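Read-outs: derived from the displayed coordinates by stated rules, not from any lab. The shown structure was predicted, so the numbers you read here are calculated from the model rather than taken from an experiment. When we count neighbours, we look across all protein chains shown, and the Cβ atoms used for this are built from the backbone with ideal geometry, even at glycine.
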Amino acid sequence: MNKIPMTASGFENLQAELKKLLNEDRPNIIQAIAEARSHGDLSENAEYQYAKEQQSLIEGKIAELESAVSRVEVIDVQNIKGDEIKFGATVKIEDDITKEISTYQIVGEYESDIKNKKLSVNSPLAKGLINKSVDDLVEINSPKGQKSYTIKSVKYI
C-alpha cells in the first residue's frame, strides 16, 4: 500500500471529516431513508430514491477516507531543514512575465486547497518546485501554456 504524505493539520482535518460523516451524516441519511420509506410506494418515491443515492455517496466517501487514514504518513514540517523545496515547504515564487508574487505550501493530495494557497504535492507546479532552491528558475507546463517562475523564498513553518 502506498503511504499518503500529509501535514499534522491536514491529518486532523481528514479525521474530523471522517468523524462528521460517521457521526452526523450517516445517521441523518438513515433517518431520511426511514422517513421516506414511511411515505408508501418506494418505486415512485423520489425522496426515497434521493436519500438512497445520498447514502451511497456518503458510504463511498467514508470508505475512501478510512482507507486514506490507514495509509497516512504524518510529516512534521517543523523538523525539516534545508534550502531545497520538499514536502511541507512554504514557497514564495514570482511569475517571470507578470512579476506577480505568490506563496504556496506544498501539502498532501487530501489537504490541497488552492484558495488557501495549499498546493498538492502531485500538481505540476509542486512537482516542478520540488528539489529546487531560492533564485532557481522553474518552467511549468500549465493548462494556460508554458509558465516561468523564480523562487524567492523557501520556509518550513
Would you calculate a helix-derived [θ] at 222 nm for the chain, using -39,500 (n - 2.57) for each DSSP H run of n ≥ 4 and dividing by the full residue count, to the nearest 500? -12000 deg cm²/dmol
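Return the subset of Lys19/Lys61; Lys81/Lys115; Lys86/Lys132 for which the Cα-Cα distance in this structure is over 19 Å, preserving the input order.
Those over the limit are Lys81/Lys115.
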Pick out which of Leu65, Leu137, Leu57 has the largest mean-square fluctuation in a Gaussian network model of the chain, springs linking Cα atoms closer than 10 Å. Leu57
Rounded to 5, the percent of DSSP beta bridges in the chain classed as antiparallel: 70 percent
Here are labelled values, (i) 1.01; (ii) 1.22; (iii) 1.42, and one is the computed Cα Rg over 2.2 N^0.38 Å for what I pasted. Which one? (iii)
Using the crude model of +1 on Lys and Arg Cβ and -1 on Asp and Glu Cβ, and no other charge, please compute the dipole size for region 67-124 relative to its Cα centre, in debye to 20. 160 debye
What shape does region 77-155 have by the C-alpha gyration tensor, where a ≥ b ≥ c are the square roots of the eigenvalues, rounded means a/c under 1.5, and otherwise prolate means a/b greater than b/c and oblate the rest? oblate
Hypothetical label at Asn116: residues of region 11-34 whose amide nitrogen lies under 15 Å (7 Å Cα-Cβ projection): 11-18
Return the long-range amide H neighbours of Asp96 (sequence gap of 5 or more, or a different chain), with a cut-off of under 5 Å between placed amide H atoms. Ser148, Tyr149, Thr150
Fully extended, how many nm does the chain gain between Glu35 and Glu66 (0.36 nm per residue separation, minus their Cα-Cα distance)? 8.3 nm
If you take the charge dipole of the chain about its Cα centre, with +1 on Lys and Arg Cβ and -1 on Asp and Glu Cβ, which of Leu22, Val91, Ile75 is farthest toward its positive end? Val91
Which listed residue (Ile114, Asn13, His39) has the Cα farthest towards the positive end of the charge dipole for the chain, taking +1 on Lys and Arg C-beta and -1 on Asp and Glu C-beta about the Cα centre? Ile114
Along region 139-156, Karplus-curve 3J(HN,Hα) (6.51, -1.76, 1.60; θ = phi - 60°) to the nearest Hz, with x for Gly and Pro, reads 9, 10, 8, 10, x, 8, x, 5, 10, 10, 10, 10, 7, 9, 7, 9, 9, 10
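Just to verify a number: FRET efficiency for Asn2 and Asn28, C-beta to C-beta distance, R0 = 35 Å, to 0.05?
The value I calculate is 0.60.
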Assigned charges on the beta-carbon of Lys, Arg, Asp, Glu; the chain dipole about Cα centre (debye): 520 debye
Low-density loop cleavage sites - trypsin sites (Lys or Arg not before Pro) in region 80-157, where at most 11 other Cβ are within 10 Å (DSSP): Lys81, Lys99, Lys144
